[in-house]
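The values are calculated or read from the model by the stated rules, or taken from the named source; none is laboratory data. All values derive from a computational prediction rather than experimental measurement. Backbone-built Cβ (ideal geometry, glycine too); neighbour counts: all protein chains shown.
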Ligand SMILES: [Ca+2]
Ligand SMILES: [Ca+2]
Ligand SMILES: [Ca+2]
Ligand SMILES: [Ca+2]
């Protein structure tokens with residue numbers, strides 16, 4: 001400074017004494033240059049310093065000195081991370097080498113900015129593990145230094161893995177796939193059962209992963225199961241999910257029973273059947289077991305089914321099969337069944353018409369028919385007897401043996417009666433008028 005002050009003063013003095021020569025400037029560095037400028041601006045106005053005096057443009061001396069790394073420390077150590085702090089005596093970038101030994105093996109680069117105080121986080125470390133780390137610093141000129149080795153031990157893992165995204169998929173009547181995730185590598189097992197006591201479990205899966213998928217098999221259909229998923233981390237901390245449930249679907253088709261066919265007219269038949277569970281219903285039919293015709297699908301889910309086949313050809317063999325689908329889509333079918341359409345135009349033949357159990361106010365009329373038929377008795381005490389005005393008792397059951405009980409008769413009275421039967425196609429026969437007398 002003394003030299004500079006002298007220099008400026010010298011210029012000033014030179015000016016004052018009329019010297020015109022401008023001395024050359026020799027300066028050590030920018031720092032000194034600034035200081036000298038300040039000093040020179042301190043010169044009173046009017047005593048001009050020649051232009052160009054401040055224009056010192058000589059380059060810096062090249063930086064060949066390596067940075068000095070100091071105050072390395074490791075702090076904020078967790079199970080999986082730690083933060084390294086260090087300082088350098090000049091602005092540097094840098095990176096860390098770290099690993100399980102002084103061979104390191106991993107690097108962690110900083111953000112590339114030049115600074116004196118440094119902080120760098122190491123992540124994805126193993127818990128309860130000793131790590132070695134060293135700093136490499138680089139100044140703007142590319143000079144590098146490497147620190148000595150520093151070691152630290154991560155904290156032990158004492159937390160159970162966090163379970164999330166538990167879901168089920170691919171459910172059938174006998175199996176289901178259960179998936180879940182853990183926020184750290186962990187093993188896997190599903191415990192399950194029909195109660196939250198979980199009497200069964202999947203095989204223990206010891207692979208340490210974060211996405212888990214276990215298949216539960218050997219299940220029963222239409223059954224609600226409870227389950228829990230379980231995962232240990234590498235330190236043995238166990239996480240257990242809450243109780244969850246799923247219900248297996250119905251895989252059994254409806255059982256079809258009581259298939260009957262009844263002729264309702266010459267050309268139509270009614271087919272009835274039952275199912276052991278609510279189901280829809282349809283009849284397929286035709287002249288062969290290939291069918292080809294079908295009734296409308298009755299989509300109602302019921303247990304008793306009735307469909308009518310109409311416009312059938314007379315005196316023809318028909319094949320049919322009944323089909324019912326349950327709410328889960330399982331379809332039950334009957335075997336192939338046949339019936340023959342009829343050309344019956346012959347009325348039943350009545351015989352053995354008998355009056356029995358004759359009392360003061362009641363009598364029983366019995367008879368037989370040569371085919372299944374209804375039973376009706378018309379009766380009256382008036383004379384002449386008229387079916388149109390007579391009282392009647394009847395049953396629509398189709399029987400070959402008929403018994404009709406007449407009650408509320410008058411005692412000691414002669415009654416006239418006619419027995420009547422109709423076959424399934426409505427062909428009808430009547431007996432002749434007959435009579436009995438109630439007891440006095
Ligand atoms: Ca340097
Ligand atoms: Ca853990
Ligand atoms: Ca079913
Ligand atoms: Ca007949």
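Listed values, structure above:
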quantity	calculated
Breaking point among (1) modelled with pLDDT of 95 or more; (2) within 16 Å of ligand 4 (Cβ to nearest atom), for residue 427	(1)
Qualifying residues in segment 277-310 (those that are surrounded by fewer than 16 Cβ atoms within 10 Å (Cβ to Cβ) and part of a loop (DSSP other than H, G, I, E, B)) - the one modelled with the lowest pLDDT	310
Output for segment 222-239, where each listed residue is within 14 Å of residue 193 (Cα to Cα) and either within 16 Å of ligand 4 (Cβ to nearest atom) or modelled with pLDDT of 95 or more (or both)	223, 224, 225, 226, 227, 228, 229
Residue check, residue 429 away from ligand 3 (no atom under 16 Å from the Cβ), under 30 Å from residue 270 (Cα atoms) and touching a residue at least 24 places away in the same chain (Cβ under 8 Å)	yes
Residue list for segment 232-276, filter: within 16 Å of ligand 3 (Cβ to nearest atom) and part of a loop (DSSP other than H, G, I, E, B)	248, 249, 250, 251, 252, 253, 254, 255
Every residue from segment 78-112 that is touching a residue at least 24 places away in the same chain (Cβ under 8 Å) and outside any strand (DSSP E or B)	78, 79, 80, 81, 100, 101, 102, 104
Selection count where residues are crowded, with 16+ Cβ neighbours inside 10 Å, more than 17 Å from residue 431 (Cβ to Cβ) and touching a residue at least 40 places away in the same chain (Cβ under 8 Å), scope segment 395-409	1
